[in-house]
Amino acid sequence: MTKNRTSLHGQWSSRWAFILAATGSAVGLGNIWKFPYITGENGGGAFVLIYLICIACIGIPIMMAEILIGRRGRRSPINTMRVLSREGHHHPAWQYLGWIGVLAGFLILSYYSVIAGWALAYLFRAVGGVFNGVGAERAGEIFAALIEDPERLLAWHTIFVVMTMIVVARGVQGGLERAVRFLMPSLFLLLALLVGYAMSTGSFSEGIRFLFTPDFSRLTPAAILIAMGHAFFTLSLGMGAIMVYGSYLPDNASVTHTSVVIAAADTLVALLAGMAIFPIVFAHGLEPGAGPGLIFQTLPIAFGNMPGGWLFGTLFFILLVFAAWTSAISLIEPAVAWLVENRGMTRVMAAVWAGVVTWLTGLGTVFSFNLWADEKLFGMTFFDLLDFATANVILPLGGLFIALFAGWTLSRGTTRGELKLGETGYRIWYILVRYVAPLAVSAIFLNVIGILRFG
Ligand code: PFF
């Protein structure tokens, strides 16, 4: 009975279309904007190592779990969890996992679109030749002028939300697939070029050492939590985005192979971004821990001073906007799929509703860089709090429950049938998803909670 289930929303035209779309979801601001700045804030190499371990031992098995659950249910995450728990006579509360995902999607998209707005603004600055010959100081001023102006941020945020909703309204094949096809290869090429520039700065080896030589004395429990949270964020895990994409995956595609390809591509982009940015940071005496503005304060220096910088800068910010766009679409897809299935809305109406809620929530982030910059809760601005709560709490928690559902609740016959792995491969996945991932996530959570409580 489950074999013939089809999705209401259509299907990817091929396995490659899925890989491209899921990679489009995974590769985004998380890789190019967030990975470098949190690596800078958390001391470099040791943080990167923990992040890589989390990708391999927690991220990939949970990604496989999300895809197989999605494909099995072939509905929005909320309904997939409902159907699969009913089918296996499991507790109906599992569907709340889908709800948490929808909430997380809205919250993340609300600030994601503000940062994507920065990329849009920078695209226009690049086209206008604003970065010509800039140094570190001028780059800092350009960035400050942008984020201190709520009206500008609001305008770019609005444009990005509208862009996202237009693609979402057009649906799986019309909207999502086409956008990703040429994007990924071009992004790789441009990042490789930037790494080439970084080699010419004279601080390349310092940048590489910072990224890849672990200094465990700099590793705090909070840094471990952030590295784990980022593994979920960067792979789009823990909130149903990959699950809903999996629900459009043809039956004959290999879940394992696609997961490994997606995770590898995602990791490569992040590492290339780090290798491009840290040499520039050190060459210009900038602060690696400068925070969310890091790439916006470093890359203009590269583009402003390399031959052909106008062209490459323009191309780079176009690609960054595209990368953010294809991720943004997936953040809202679980909610939109649910509105279509359960509220009988058209995709267009669902996209409009989702857009309005996202836009309104995003105002908090817009103002947290200027009007509300001094309003803090637990020492964090609205944006910091949203980012922390989603990436480091909600996504890992969602991922934990997805792992528990796949490893303990679904029957082995079901998971084995979906994964179609050899005996050894299946056992490795099973141990990772049943024991390793849940224990690791719980241990990291408990460690931080313990420190918060007992100092
Ligand atoms: N993975 C995206 C990035 O790295 O930018 C962000 C993201 C997309 C997170 C979709 C979660 C998600 F469901």
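Every number here is computed from the coordinates shown, using simple stated rules; none is lab data. Being a predicted model, the structure only gives us computed values, none of them experimental. Every residue, glycine as well, gets a Cβ built from its backbone with ideal geometry; the counts of neighbours run over all protein chains shown.
A few remarks follow.
- Farthest towards the positive end of the charge dipole of the chain, among the residues Ile159, His284, Phe143, is the Cα of Ile159, using unit charges on the Cβ of Lys, Arg, Asp and Glu.
- Using alpha-carbon coordinates, inclination of helix 15-26 to the longest axis of the chain, degrees: 50 degrees
- Folded to 0 to 90 degrees: helix 395-404 orientation relative to the chain principal axis, Cα: 30 degrees
- A Cα-only calculation for region 385-442 places Rg and Dmax at 13.3, 44 Å.
- Per-residue Karplus couplings for region 437-448, computed as 6.51 cos²θ - 1.76 cosθ + 1.60 with θ equal to phi - 60°, are listed in order as 4, x, 5, 5, 4, 4, 4, 5, 4, 4, 4, 5 Hz, Gly and Pro entered as x.
- Sorted peptide list for 208-216, 277-285, criterion being average Cβ within 10 angstrom, highest first: 277-285, 208-216
- Average Cα contact separation per residue, the chain, under 8 Å, 6 or more apart, as relative contact order %: 35 percent
- With respect to the chain, whose longest principal axis is taken over its alpha-carbon atoms, helix 45-54 is tilted by about 20°.
- Along region 358-364 the Karplus relation, 6.51 cos²θ - 1.76 cosθ + 1.60 evaluated at θ = phi - 60°, assigns HN-Hα couplings of 4, 4, 4, 4, x, 4, x Hz to successive residues, with x for each Gly and Pro.
- All C-alpha pair distances within the chain, sorted into 10 Å bins from zero, spread as 4, 22, 33, 26, 12, 3, 0 percent across the bins.
- Residues Ile166, Ile262, Ile55, ranked from the fewest to the most other C-beta atoms within 10 Å, line up as Ile166, Ile55, Ile262.
- Shape call, region 179-286: gyration tensor on alpha carbons, a/c limit 1.5: oblate
- By the count of neighbouring beta-carbon atoms within 10 Å, fewest first, Leu371, Leu190 end up ordered Leu371, Leu190.
- Note on the chain: helix-only mean residue ellipticity at 222 nm, from DSSP H runs of 4+ residues weighted -39500 (n - 2.57) and normalised by residue number, equals -22500 deg cm²/dmol.
- The magnitude of the dipole of region 211-343, with charges of +1 and -1 set on the Cβ of Lys/Arg and Asp/Glu and taken from the Cα centre, is near 160 debye.
- Estimated inter-spin distance, Trp408 and Arg181, nm [label 7 Å along Cα→Cβ]: 4.5 nm
- Longest to shortest principal axis, alpha-carbon extents of region 312-435, angstrom: 57, 40, 40
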